[in-house]
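The values are calculated or read from the model by the stated rules, or taken from the named source; none is laboratory data. From a predicted model like this one, the values you see are computed outputs, not experimental measurements. FYI the Cβ positions are ideal-geometry reconstructions off the backbone, even for glycines, and counts take in every protein chain you see.
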């Protein structure tokens, strides 16, 4: 495939996106909370990275039980962040800069403070009664965030389902009126000019008829087999796809616990309803659920996850590529090294940005932000972290449980972005809503702008290289040495051009290995995360990455 065969609706394939979790991005009005005024001021910076679009995590009004993923109004902006007029200004300026904008679409659940739920809980005889899932007697499902999956409402005399927090009641997508509401929400933002949606836990929106009990031995989600990839999921998504087909936009879904086999139904064939899907497989190279069972990082496991998706979607679908987002701890703290902070941060960028797919970069990732270690669970704000601390491994002493939170908390991705080395890291002129990582004096945008060899500038180089080559966008992927526990080696090939990507995950020098097909061939080293000094012929330095270009 080459660029000439890409259709209008495939514009996302050449793009890369920058994710903004707005509360911690930049405070523009001086109240300690990130907002759209701060985003507006930073749009040139975002453009300078070489990305082509922005993904906004939820901006809507919300009580913030789950920081924006509990929505109380889908057609407005949270007052902490600005208003619709300010959003339009951001949207217009982004488009002027050539940046697409996609919104988070959260339709598995709302806030319990949404007007629909307020009406629904009054009883079974009002227009919103069946907008949610009610039962006289709960089944045995667990929620993913907060105890059992059912909460009793005395006012109605029934229980409502919440797969996530108690303040996040699940919508009843079997109700056609609810699906019409979703389509209305989509059109509201598309008519305003947004370019697509990232669709939250989209594979959960259809539940099995009768809501049967789940298997009792599943650790945290007994009912998951009965609400993941449910019986009407493709039927409902096809309705939403029709809306997007009216516009030149795209849809990327989040699919927790999605296997490649089930993802293919969303991404290919007659049931295709999404352009891309975020999978979690590569996030389990150290065990994603580190609150339950933490394992040391495994490079073969990471490589297997990457390669499995690359091979499965070749010629059939398109991958969404990421290493960090608002739901995962910082990647250097997980898969890299604090000692080799700069080297591992750059290598981790290269190892995924040259895979086949559309890359997503999370705010702060591009400067190598790392996990925060707070002194007690009371300092953390994430509902999932608190639930995990208080409900799992209760026989362990508090220090051990807190260590699990240090490894796994979503709050590590939600510390304010470190813009400079001034007070509060340049995020705000007043004390921010959440703790700034103490390492902001060393890790910040302003300092890295001045350093040609910084992680920030390496991300720019990677994105520029990717964008310059059809091979790095459309070329086939092949992995080499899959069992090697120190090196990740793969190539991208198209016509008579090849790029060989070699990444070391070792803290020690390691022997350079190239596939047999490249031995003896002339190559040009187009990118490396080290300066030339200190190079030992035939060896890679700790966390070194090299990208070679071969031309037949």
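Screening residue 535 against (1) free of Cβ contacts under 8 Å to residues at least 40 places away in the same chain; (2) surrounded by fewer than 16 Cβ atoms within 10 Å (Cβ to Cβ); (3) touching a helix residue (DSSP H, G or I) at 6+ places or on another chain (Cβ under 9 Å); (4) outside the structural domain of residue 50 (by TED's automatic domain parsing) leaves a single unmet condition, (3). Please determine whether any residue of the stretch 26-38 is within 19 Å of residue 185 (Cα to Cα), more than 23 Å from the chain's Cα centre (by Cα) and free of Cβ contacts under 8 Å to residues at least 24 places away in the same chain. Checking the stretch 26-38: not a single residue is within 19 Å of residue 185 (Cα to Cα), more than 23 Å from the chain's Cα centre (by Cα) and free of Cβ contacts under 8 Å to residues at least 24 places away in the same chain. I need the full set of residues from the stretch 56-108 which are in a helix (DSSP H, G or I) and closer than 16 Å to residue 27 by Cβ, in order please. Scanning the stretch 56-108 gives 86, 90. Taking (1) closer than 24 Å to residue 142 by Cα; (2) in contact with a helix residue (DSSP H, G or I) (Cβ under 9 Å, 6 or more places away or on another chain); (3) not in a loop (DSSP other than H, G, I, E, B) in turn, residue 387 satisfies each apart from (2). Give just the number: which of (1) without any contact (Cβ under 8 Å) to a residue 40 or more places away in the chain; (2) within 28 Å of residue 55 (Cα to Cα) does residue 185 not satisfy? So residue 185 meets the others, but not (1).
Just one of (1) part of a loop (DSSP other than H, G, I, E, B); (2) at pLDDT 95 or above; (3) in contact with a strand residue (DSSP E or B) (Cβ under 9 Å, 6 or more places away or on another chain) fails for residue 311. It is (1). Considering only the stretch 470-492, I want to know if a residue exists there that is surrounded by fewer than 18 Cβ atoms within 10 Å (Cβ to Cβ) and without any contact (Cβ under 8 Å) to a residue 12 or more places away in the chain. No - not one qualifying residue is present in the stretch 470-492.
Here residue 360 meets the list (1) farther than 11 Å from residue 543 by Cα; (2) out of contact with any helix residue (DSSP H, G or I) (no Cβ under 6 Å at 6 or more places or on another chain); (3) part of a helix (DSSP H, G or I) almost entirely, failing just condition (3). Does residue 119 satisfy the condition of being in a helix (DSSP H, G or I) and either within 28 Å of residue 275 (Cα to Cα) or not assigned by TED's automatic domain parsing to the domain that holds residue 358 (or both)? Answer is yes for this residue. Every test in (1) at pLDDT 95 or above; (2) over 30 Å from residue 51 (Cβ atoms); (3) not in a helix (DSSP H, G or I) is passed by residue 126 save one, and that test is (1). Per this entry, residue 499 is not counted among residues that are closer than 30 Å to residue 371 by Cα, surrounded by 18 or more Cβ atoms within 10 Å (Cβ to Cβ), in contact (Cβ under 8 Å) with a residue 40 or more places away in the chain and touching a strand residue (DSSP E or B) at 6+ places or on another chain (Cβ under 8 Å). Inspect all residues belonging to the stretch 217-227 and state whether any of them is surrounded by 21 or more Cβ atoms within 10 Å (Cβ to Cβ), outside the structural domain of residue 137 (by TED's automatic domain parsing), within 19 Å of residue 163 (Cβ to Cβ) and in contact with a helix residue (DSSP H, G or I) (Cβ under 7 Å, 6 or more places away or on another chain). Yes, the stretch 217-227 contains a residue that is surrounded by 21 or more Cβ atoms within 10 Å (Cβ to Cβ), outside the structural domain of residue 137 (by TED's automatic domain parsing), within 19 Å of residue 163 (Cβ to Cβ) and in contact with a helix residue (DSSP H, G or I) (Cβ under 7 Å, 6 or more places away or on another chain). Of all residues in the stretch 442-459, one or more are in contact (Cβ under 8 Å) with a residue 12 or more places away in the chain, crowded, with 18+ Cβ neighbours inside 10 Å and within 20 Å of residue 14 (Cα to Cα).
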